[in-house]
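Colleague: My questions all concern the structure below.
The values are calculated or read from the model by the stated rules, or taken from the named source; none is laboratory data. As the structure is a computational prediction, the values presented were derived from the model and not from experiment. For neighbour counting, all protein chains shown are included, and Cβ atoms are generated from backbone atoms with ideal geometry for every residue, glycine included.
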Amino acid sequence: MKRNIYLKMKSLREAKEIMFRRFPGTSCLGTETVSVENAVGRVLAEPVFALLSSPNFHSAAMDGIAVKAEDTFGTSETRPTELVIGTGAYYLNTGHVLPPNTDAVIMIEHVTRLDAQTVRIEAPAFPWQHVRKMGEDIVATELLFSRNHVVTPYCLGALLAGGITSVVVHRRPKVLIVPTGSELIDWQDVHPEHLLPGQVIESNSYVLGNLVEAAGGVYVRHEKVMDAVEALKTAVSEAVSSDFDMVLMVGGSSAGS
């Protein structure tokens, strides 16, 4: 048998060029629709536009009283203004909806309570003071995320706030990992203390498999294949005729025989 002495090494850049030239269109995976709660880590296949504004109402940005700003114009320390709760002023907390005919919030620290129905202020408010306007974060119909965007936990918050409950994503690539080598044994089959000279606990497939998962794919681990050409051919042939998008063979580190 002719023995290989040297490996023909390729740089990562060369390897990528060869792979994508030989296998054009490998990035064209199918799509599926998933709920937003399960979309983290997935890649959007379509742009996503907001269905709702966030907030979808004018709300208080401070605890205090809601007023119509023009009703407070001219107020000063020497000319304080008294307001009646329920008529010209309304108590509210941060996040509450602004009552009708109000457009400003005066901080509770700047309000003096005279009695159960009357308060006094010593400074005017201006329109939209301490108010979160409708659509301050998100405006309905605006683009939230473009196609091919990777969804993160932060994106999930924006999607839900924008009224999006499901998204169309690229299908996760399915990868088969085939460990090869007659010296390999599975960790389930032997206790470390009983490992014989020449035996190696197979670990690479688990490392690669979890790297696949971390990169957004899903992996299946093939049972180990012995160092026999026909067995290797059979494993690859069966894999490529199945529904796998990629088949990775874990082989030796040198040219070998």
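Colleague: Can you tell me which residue within the range 227-242, out of those that are at pLDDT 90 or above and outside any helix (DSSP H, G or I), is surrounded by the fewest Cβ atoms within 10 Å (Cβ to Cβ)? Spell out the reasoning first.
Modeller: The initial filter retains those residues of the range 227-242 that are at pLDDT 90 or above, namely 230-242.
Checking which are outside any helix (DSSP H, G or I) leaves us with 241-242.
On the way: 241: 8, 242: 11.
That would be 241.
Colleague: In the range 1-51, which residue that is touching a strand residue (DSSP E or B) at 6+ places or on another chain (Cβ under 7 Å), more than 14 Å from residue 216 (Cβ to Cβ) and not β-branched (Val, Ile, Thr) is surrounded by the most Cβ atoms within 10 Å (Cβ to Cβ)?
Modeller: Across the range 1-51, the extreme among qualifying residues is 50.
Colleague: Restricting the first residue to the range 208-232 and requiring it to be in the same structural domain as residue 188 (by TED's automatic domain parsing), which pairs with a second residue that is among the aliphatic types (A, V, I, L, M) and in a helix (DSSP H, G or I) meet a Cβ separation below 8 Å and a spacing of at least six or different chains?
Modeller: So the pair list comes out as 218/212; 219/208; 219/212; 222/235; 222/239; 225/231; 225/232; 225/235.
Colleague: Which members of the range 192-212 meet the condition of being assigned to a helix (DSSP H, G or I) and either farther than 19 Å from residue 239 by Cα or more than 23 Å from the chain's Cα centre (by Cα) (or both)?
Modeller: Within the range 192-212, 192, 193, 194, 204, 205, 206, 207, 210, 211 qualify.
Colleague: Here's another thing I want to ask about it. Can you confirm whether residue 115 is of a type in the set (D, E, K, R), outside any loop (DSSP other than H, G, I, E, B) and over 28 Å from residue 137 (Cβ atoms)? Even if it seems obvious, please write down each step before you answer.
Modeller: Numbers: of a type in the set (D, E, K, R): yes; outside any loop (DSSP other than H, G, I, E, B): no; over 28 Å from residue 137 (Cβ atoms): yes.
Answer is no for this residue.
Colleague: With the structure loaded, tell me whether residue 179 is in a loop (DSSP other than H, G, I, E, B) and either in contact (Cβ under 8 Å) with a residue 40 or more places away in the chain or assigned by TED's automatic domain parsing to the domain that holds residue 76 (or both) or whether it fails that test. Spell out how you get there, then give the answer.
Modeller: On the way: in a loop (DSSP other than H, G, I, E, B): no; either in contact (Cβ under 8 Å) with a residue 40 or more places away in the chain or assigned by TED's automatic domain parsing to the domain that holds residue 76 (or both): yes.
Against the criterion (in a loop (DSSP other than H, G, I, E, B) and either in contact (Cβ under 8 Å) with a residue 40 or more places away in the chain or assigned by TED's automatic domain parsing to the domain that holds residue 76 (or both)), residue 179 does not qualify.
Colleague: Out of the residues in the range 83-98 meeting the condition of being under 36 Å from the mean Cα position of the chain (by Cα), in a loop (DSSP other than H, G, I, E, B) and not hydroxyl-bearing (Ser, Thr, Tyr), tell me which one is nearest to residue 129 (Cα to Cα).
Modeller: Within the range 83-98, the subset under 36 Å from the mean Cα position of the chain (by Cα) is 92-98.
Add one more test, that the residue is in a loop (DSSP other than H, G, I, E, B), and what stays is 93-96, 98.
Remaining after also requiring not hydroxyl-bearing (Ser, Thr, Tyr): 93, 95-96, 98.
Numbers: 93: 14, 95: 14, 96: 14, 98: 12 Å.
So the residue we want is 98.
Colleague: Turning to a different aspect of this structure: For the range 233-257, give me the residue count where each residue is more than 23 Å from residue 30 (Cβ to Cβ), in contact (Cβ under 8 Å) with a residue 60 or more places away in the chain and aliphatic (A, V, I, L, M).
Modeller: Count: 3.
Colleague: Right, another one. Are there any pairs, at least 6 apart or on different chains, whose C-beta atoms fall under 6 Å, with the first in the range 32-57 and at pLDDT 95 or above and the second of a type in the set (Asp, Glu), and if so, which?
Modeller: 50/142
Colleague: Does the range 1-23 hold any residues that are within 30 Å of residue 152 (Cβ to Cβ) and either in the same structural domain as residue 158 (by TED's automatic domain parsing) or assigned to a loop (DSSP other than H, G, I, E, B) (or both), and which are they?
Modeller: Answer for the range 1-23, where residues must be within 30 Å of residue 152 (Cβ to Cβ) and either in the same structural domain as residue 158 (by TED's automatic domain parsing) or assigned to a loop (DSSP other than H, G, I, E, B) (or both): just 23.
Colleague: Another question about this same structure. Is it the case that some residue within the range 232-248 is in contact with an Asp or Glu (Cβ under 7 Å, 6 or more places away or on another chain) and aliphatic (A, V, I, L, M)?
Modeller: Among the residues of the range 232-248, not one is in contact with an Asp or Glu (Cβ under 7 Å, 6 or more places away or on another chain) and aliphatic (A, V, I, L, M), which makes the answer no.
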